[in-house]
Each structure stands twice: as C-alpha cells, then as structure tokens.
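Reviewing the structure listed below.
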Amino acid sequence: MEAAKSALQQGKPEIWNSDQGSHFTSPQYTGLLKAAGVQISMDGRNRAVDNIFTERFWRTLKYEEVYTKEYASPSEARESIRKFIHYYNHERPHQSLGYHTPAGIYLKGMRPDDPIRPQASTEHTYCGKESA
C-alpha cells in the first residue's frame, strides 16, 4: 500500500496494471486506486506473459542482483537494489529496446507500439471483467 501511495504522489497514470495477487485485489488497494481516479487493469489468471516486461524485470533483478549478493542488513539490501534499478533503467541498454535504456525511450516520448518494442498480449481483466 505504501508503495502505491508513494507512486500516486509522483503522478497519476490513466491505467494501473497488476496481476491478480491478493494484495492487488484487496478492497484497500483497489479503493486507493479508485479514489485516485485510476482505471484498474489486471492480467488474466495465471498469465505471467500478459505482463511479460515486468516479469522479465523481476527475473533480471533476482538473478543479477539479489541472488548474487549477501547483504549485511535489510537497509543494505534496499540500497543495493535501489542502485540496481537505477542502473537497469538509466544505464543498461536493452536489446528489446533497440539497445536504448528504458529511461531514454520514456524520456523521448516513444509510444509502446513503436516498432522497436515487441507487443504483449492484449488479454487483460479491466475492473474485474475479461477483455480481449
């Protein structure tokens, strides 16, 4: 909840996409998003490929950062992961983005349907209803 509140303070997206985990479907979480006027989008059940870019990010974070380090404390882990996420978004070129960084693509205002980015599945659940 705190991460969602913090993100909403930075700006309000038109659509907020997540999987259907219990924390994302809780009345508190969905209520927060509805109160902010955000359209809620949830991937299909057991459909990790619906959000393949995010799933790939978590895999990269685990295998290139978390599993390769021994953190002395939770605060050290948070700081190291924060630095990795900055590196991942601002310094590391991504093959799927034509060897640009995610931040570079975002800051140039490129659209998700530009040819350098592969398309994800369009099967999602919007506010609890299946949509194709």
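Could you check segment 8-26 and list, in sequence order, the residues that are exposed (fewer than 12 other Cβ atoms within 10 Å of the Cβ) and in contact with a strand residue (DSSP E or B) (Cβ under 8 Å, 6 or more places away or on another chain)?
Residues satisfying the conditions are Glu14, Ile15.
Pairs needed: first member in segment 81-94, over 13 Å from Leu61 (Cα atoms); second member anywhere, among the β-branched types (Val, Ile, Thr); C-beta distance under 9 Å; at least 6 residues apart or different chains.
If the second residue must be among the β-branched types (Val, Ile, Thr), the pairs left are His90/Thr101; Glu91/Thr101; Pro93/Thr101; His94/Thr101; His94/Ile105.
Does Arg56 fit the bill of being part of a loop (DSSP other than H, G, I, E, B) and modelled with pLDDT under 95?
Here the answer is no, as Arg56 does not meet what is asked.
Contact list please: Cβ distance under 9 Å, first residue in segment 16-45 and over 16 Å from Glu2 (Cβ atoms), second residue hydroxyl-bearing (Ser, Thr, Tyr) and assigned to a loop (DSSP other than H, G, I, E, B), pairs at least six apart or on different chains.
Asp43/Ser121; Gly44/Ser121
When you look at Trp16, is it in the same structural domain as Tyr88 (by TED's automatic domain parsing) and either of a type in the set (S, T, N, Q) or under 17 Å from the mean Cα position of the chain (by Cα) (or both), yes or no?
On the way: in the same structural domain as Tyr88 (by TED's automatic domain parsing): no; either of a type in the set (S, T, N, Q) or under 17 Å from the mean Cα position of the chain (by Cα) (or both): yes.
No, not satisfied.
With the requirement that a residue be of a type outside the set (D, E, K, R), touching a strand residue (DSSP E or B) at 6+ places or on another chain (Cβ under 7 Å) and surrounded by 15 or more Cβ atoms within 10 Å (Cβ to Cβ), what does segment 27-46 give you?
Answer for segment 27-46, where residues must be of a type outside the set (D, E, K, R), touching a strand residue (DSSP E or B) at 6+ places or on another chain (Cβ under 7 Å) and surrounded by 15 or more Cβ atoms within 10 Å (Cβ to Cβ): Thr30, Leu33, Val38, Ile40, Ser41, Met42, Gly44.
The values are calculated or read from the model by the stated rules, or taken from the named source; none is laboratory data. In this text the structure is predicted, and so the values were computed from the model without any measurement. Using ideal geometry, Cβ is built from the backbone for each residue, glycine included, and neighbour counts are taken over all protein chains shown.
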